[in-house]
Each structure stands twice: as C-alpha cells, then as structure tokens.
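*Asks:* Structure incoming, see below.
The values are calculated or read from the model by the stated rules, or taken from the named source; none is laboratory data. Keep in mind the model is a prediction, meaning the values are calculated, not measured. Please note: Cβ atoms are built from the backbone with ideal geometry, for glycine as well, and neighbour counts cover all protein chains shown. Protein only, heavy atoms only, side chains kept; ligands, DNA and RNA dropped before computing areas. Shrake-Rupley method; radii C 1.70, N 1.55, O 1.52, S 1.80 Å.
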Amino acid sequence: MTLALTGTQTVIRGRQAMRWIGVAAIPVAALFAGVCIGETRIPLSTVLQVLANRLWDAGYAVDPIDEGIIWAYRLTRALVAGACGAALAICGVILQSLLRNALADPYLLGISAGASTGAVLIAVAGVGAGMVPMSAGALLGALLAFGLVTLLAQLSGGGTGLRGAGQIILAGIAGSQLFNALTSFIIARSANAEQARGIMFWLLGNLSGVRWDDVWLALPAAAMVLLIGLWHLRALDAFTFGSESAASLGIPVRQVQAVLILGAAIATAVMVSIVGSIGFVGLVVPHAARFLVGVRHSRLVPASALIGMVFLIAADILSRVMIPGQVLPIGVVTALVGAPAFALILIRGRASS
C-alpha cells in the first residue's frame, strides 16, 4: 500500500514538473521566435551563432549586419515587447480588481493618455530643458491623469468602490479624450512635419527605436509591478468583493490601494515612454487568463503576465511580416487582434452563464 502511494506521488510530482517545464518553455519559445522572424530572412544557424557569440563568446564568423539585426534590433524588440505585454496585463488585473469593473485598464482609465501627454511635453515641447527624462514626464502625466479621473468620478457621486465603478470608467473615457486632445495640440503647436509624423507613429505603439537602454528600463518596471501584484494576492482577492470586505479581513485598504495604483501608473508610464500607447493588452489578456485559470489571483497574476508577454511578442512579429517591406505600429495589430478576441470572450462568457 505504501509503495503504491509512493509511486502515485512520484507520478504526480513528475507531471507537475513537466507542466512547469512546459510553462517555462513558452516565453523562451516566444522570445526565440521574435529573434528568428522578421523583415529580413536570416538562417536559423546564423541566429544561433550570433546568440552563442554574444552569450558565451563562441567565436563564430558572422556577418556584422546580421549580428546587428539579431542582437541590437530583434532581441531588444522581443524583450521590450515581452516586458510591456506582461506589465500592461498585470496593470489590467490590478485595476479590474480594485475598481471591480471588467472594463478597467490603463488605456480606458486615461493613464496611457496622460503618460503620452507627459512624454510628448518632454520630447516635443522641450519642458524641462532636457534635464527631465521622458519616462519621468510620462509618470507625472499618468499620475495627473488618474488623479483627475478619480476626482471627476468622486464629484459625480462615485469613487473607487462598487457604486463608483461606472462613474470612474466614464470619467476615464473623458480623461482619455482630454489628454489625447492635449497631446494633439502640443504636437500641432510645437512639432515640425517630420517630428509630428514620428510622434504620431510612436503614439500608435512603436518598437522600432528600442535599444538595450530601453530593455534595462522596461524589464525592472515589469518586474516591479509583477512583484507588487504577487505580494498583494490576498488583497486583490479581497478587493474583488469590495473595499468593505477587504477592510473586514484586516487589509489596510487606503495604503494597499495607493501602492497598487502607484505601481500600475509607474509601469504604464515607463512602457508608454518607451513604446507609446498600446491598447487592448490590459483589457483582453486578464479576461483570457480568467477563462483559462479562474479568478484566484494566485494563478491569475502570473498567467496574465505570461499571456501578455507572449501576446505582445506575437503582435510584434505580425507587425513586421504582415506587409512586406513595411513595419506596422504594434498598437494597430493589438487592436486588430484584441477587439475580435474580446468580443469572442464576451460571447462565450454569456453562453456559459
């Protein structure tokens, strides 16, 4: 009997180990696909040789142009896309739990629009005289936008609880329109034609200009918001049932809300300052993750991070190969894929209810 139980436990542990290995292989495979696939066809052997040279100093003879494309262009794009997708997805999970609203995400709540305005003020209007980094301007814009949205929601008779969930979404839409208009005004007032074209392309989501400096900015921001989400798993579960329920469980509601909202705003601001405004990731990915793993945040947060990472890397690959000789803004691809996917999730959710 004991031997049978031991054998069963060994089989279960083996299956769990294989499952974890499979999960770990998914982001690695996505990153590798992002490095291998692009506008220029490069043999797989060359890709492997470049990676071996850079990672282990293997000493293979490789064309410097191919090496630059793989190491300085494709790999950086894939890493930033993965970090951005994971961060935006976690931000969506956090905001949807705090506000108890399935439509909450950084894009709809005006955080992305505010970050875009702050970044454009630094880059185009010259605010800060070159002393303030664009990520800092994006952060200030994101915090200002969310503060304005929250204030408007409270003045309209709501707040961040269940009663104000509808008001804060409507306030977020108004705030997004306001800051998008401000961004357009700044571009029209301060930018020349070439700057305006570049900024508008960037605002739709652009990974073409990312380099290793951006990687070292994006990865810590994604890790920060992931750790905040994982540290507050119990609080996120409690906030799903309302602030009162969270307080009854001994959670310091205002303190935790401030930490979670600030973490989401910082992560969104950093990503917007690097790649521009990308919609649908924070909205669609958490719903897809709930469909796959359920509503418990101990599974939902890591699953959303993984799905968001893979989704945005895949979107980046599509943006480079959909039209030969032309790279689409990644925000266009996420909208083309995300809108039908969200509609499908809504339909299946209604059918299962």
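*Asks:* Do we have Leu143 as under 20 Å from Gln195 (Cα atoms) and open to solvent by 50 Å² or more (accessible area, probe 1.4 Å) here?
*Replies:* Against the criterion (under 20 Å from Gln195 (Cα atoms) and open to solvent by 50 Å² or more (accessible area, probe 1.4 Å)), Leu143 does not qualify.
*Asks:* Right, next: Looking at segment 92-115 only, could you name the residues that are in contact with a Leu (Cβ under 6 Å, 6 or more places away or on another chain) and within 15 Å of Ile187 (Cα to Cα)?
*Replies:* Across segment 92-115, the qualifying residue is only Gly114.
*Asks:* Regarding segment 203-212, can at least one residue be identified that is at pLDDT 90 or above and either β-branched (Val, Ile, Thr) or in contact with a Ser or Thr (Cβ under 9 Å, 6 or more places away or on another chain) (or both)?
*Replies:* So far as segment 203-212 goes, yes, one or more of its residues are at pLDDT 90 or above and either β-branched (Val, Ile, Thr) or in contact with a Ser or Thr (Cβ under 9 Å, 6 or more places away or on another chain) (or both).
*Asks:* Right, here's the next one. Restricting to helices (runs of 4 or more DSSP H) lying wholly in segment 223-338: which have 3 or more residues that are touching a residue at least 12 places away in the same chain (Cβ under 8 Å), buried (at least 19 other Cβ atoms within 10 Å of the Cβ) and not β-branched (Val, Ile, Thr)?
*Replies:* Output list reads 233-239, 253-275, 281-293, 297-321.
*Asks:* Can you tell me which residue among Ser135, Ser112 is open to solvent by 30 Å² or more (accessible area, probe 1.4 Å) and out of contact with any Gly (no Cβ under 6 Å at 6 or more places or on another chain)?
*Replies:* That would be Ser135, the only listed residue that is open to solvent by 30 Å² or more (accessible area, probe 1.4 Å) and out of contact with any Gly (no Cβ under 6 Å at 6 or more places or on another chain).
*Asks:* Considering only segment 178-216, state which residues are open to solvent by 60 Å² or more (accessible area, probe 1.4 Å), of a type in the set (S, T, N, Q) and either assigned to a loop (DSSP other than H, G, I, E, B) or under 21 Å from Leu88 (Cα atoms) (or both).
*Replies:* If the condition is that a residue be open to solvent by 60 Å² or more (accessible area, probe 1.4 Å), of a type in the set (S, T, N, Q) and either assigned to a loop (DSSP other than H, G, I, E, B) or under 21 Å from Leu88 (Cα atoms) (or both), then Asn180, Asn192 are the ones that fit.
*Asks:* Would you confirm whether any residue within segment 89-101 is open to solvent by 40 Å² or more (accessible area, probe 1.4 Å), out of contact with any His (no Cβ under 7 Å at 6 or more places or on another chain) and modelled with pLDDT under 85?
*Replies:* yes
*Asks:* I've got another one for you. For segment 63-74, state whether one or more residues are in contact (Cβ under 8 Å) with a residue 40 or more places away in the chain and out of contact with any Pro (no Cβ under 8 Å at 6 or more places or on another chain).
*Replies:* Looking for residues that are in contact (Cβ under 8 Å) with a residue 40 or more places away in the chain and out of contact with any Pro (no Cβ under 8 Å at 6 or more places or on another chain), one finds at least one in segment 63-74, hence yes.
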